[in-house]
Amino acid sequence: MGEGAPLGEAEEAALRALLERGVPQLGAPAQRLERVRERVRRRRRRAAAVAGGAVLAVAAGLLAVPGLVRTGGGVSAAPPAGVRGSTPPATAPTGTTMPPATGEGGYRPAGMGGLLMRMPAGWHTLPDPATSSVFTSTQDLALPEGGCAHARDGFCTPLVRALAKGGALVMFREQKYGQAGKMHDLALPVEEQAPYQACRTVGGTRQLTRTLPDESGSDLVVWIVACMAEPTDEQFAAARQILSTAAFT
């Protein structure tokens with residue numbers, strides 16, 4: 001076919017079909033309206049997601065504080081799961097046999113606000129400034145290799161050896177909540193819970209927890225966990241006494 005020559009019927013039909021395929025066909029009015037509606041629904045879902053993100057950010061603030069969120073809603077002394085085990089080889093520093101006494105007949109750890117702790121005579125103590133924690137135990141203490149920042153269950157177990165029968169380890173971990181006016185809502189009494197995996201790993205069979213907020217106007221909260229290995233009633237009562245008498249003064 002020469003340039004400018006008229007197209008035959010077959011060629012013209014083929015060209016028309018090619019052009020029609022190359023030009024997108026508009027949907028029927030009902031189809032276009034449904035597409036518009038779908039775009040509106042997507043925008044609304046995105047807007048809801050943004051609003052929901054703000055709510056989640058508040059919730060994340062709670063989750064960042066071990067022991068403040070219960071899986072079924074509300075608050076609890078159960079911490080978020082961690083990513084590491086809690087009994088690697090121990091390193092310095094080691095715990096002291098007796099913490100310095102205070103005029104109130106207890107121990108006020110440095111860097112933890114007005115927290116006052118009372119422990120039985122002869123218990124060992126070990127501060128961990130890196131995690132704003134203090135540990136007390138019937139046994140020798142030493143920080144694990146790598147520290148306590150990523151302990152399993154959020155509960156570090158800086159023991160030189162696993163708990164002996166009747167042994168106990170208590171962790172006081174301080175966090176900042178950021179909403180001083182609502183601290184009372186975070187308070188949870190001493191209660192027995194199923195031992196965390198980290199507690200069981202060092203021989204623990206029973207566990208007590210407490211969430212203690214500083215209601216004096218600060219934004220500090222202390223999460224307390226006591227892990228015990230086959231305690232007698234007297235030993236269990238002694239651990240409970242440590243948790244129940246801790247206070248911000």
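The values are calculated or read from the model by the stated rules, or taken from the named source; none is laboratory data. Worth saying up front: this structure is predicted, and the values here are computed from it rather than measured. So basically every Cβ, Gly included, is an ideal-geometry build from the backbone, and we count neighbours across all protein chains shown.
Do we have E145 as modelled with pLDDT under 95 and either touching a Leu at 6+ places or on another chain (Cβ under 6 Å) or more than 23 Å from G106 (Cα to Cα) (or both) here?
Yes.
Take the residues in the stretch 179-199 that are part of a loop (DSSP other than H, G, I, E, B) and surrounded by 13 or more Cβ atoms within 10 Å (Cβ to Cβ), then tell me which one is modelled with the lowest pLDDT.
Q179
Which residues, counting only those in the stretch 143-162, are over 17 Å from V225 (Cβ atoms) and of a type in the set (A, V, I, L, M)?
V160
Looking only at the stretch 114-132, count every residue that is outside any strand (DSSP E or B), in contact (Cβ under 8 Å) with a residue 40 or more places away in the chain and under 19 Å from L220 (Cβ atoms) and tell me the total.
4
Restricting attention to the stretch 200-247, which residues are within 21 Å of L163 (Cα to Cα), of a type in the set (D, E) and either part of a loop (DSSP other than H, G, I, E, B) or in contact (Cβ under 8 Å) with a residue 40 or more places away in the chain (or both)?
Across the stretch 200-247, the qualifying residue is only E230.
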